[in-house]
Amino acid sequence: MASGIFNSTYYNKDARPGAALLRARRPYLFKNAATGLALVAFTIGVYSYTIHAVGQDEFSDVKVPETPASSQSKKQ
């Protein structure tokens, strides 16, 4: 007897979820959706805060070095 998805009682022969799988997942549907939305909201919040915080920095305290002298003037 071959093992695999077609021997599972949770999936039909066309690899679609069966009634038993849908019934088993039903109690967790709302919790999983709420957790997914919370993760997406947290990720978007961290990203937008980071972009906002970096956009406020003027880098006025960073000293810009002088342009380097050409290599020919160093040899003389």
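Read the figures in this text as sums done on the coordinates, not as results from a lab. Given the structure is predicted, the values throughout are model-derived calculations rather than measurements. Cβ: placed from backbone, ideal geometry, glycine included. Neighbour counts: every protein chain shown.
Please state, as a whole number in µm²/s, the translational diffusion coefficient that the Stokes-Einstein equation yields for segment 9-50 at 10 °C and 1.306 mPa s, with Rh defined as the Kirkwood radius across alpha carbon pairs.
So the translational diffusion coefficient is about 127 µm²/s.
What order do you get for 59-66, 31-38 when each peptide is scored by the mean count of other beta carbon atoms within 10 Å, highest first? List each step's numbers first, then the result.
Values: 59-66: 5.8, 31-38: 10.0.
Result, highest mean Cβ count within 10 Å first: 31-38, 59-66.
Enumerate the amide H contacts of Y11 below 5 Å, restricted to partners 5 or more residues apart or on another chain; note that Pro and chain-start residues carry no placed amide H.
Residues meeting the amide H criterion: G18.
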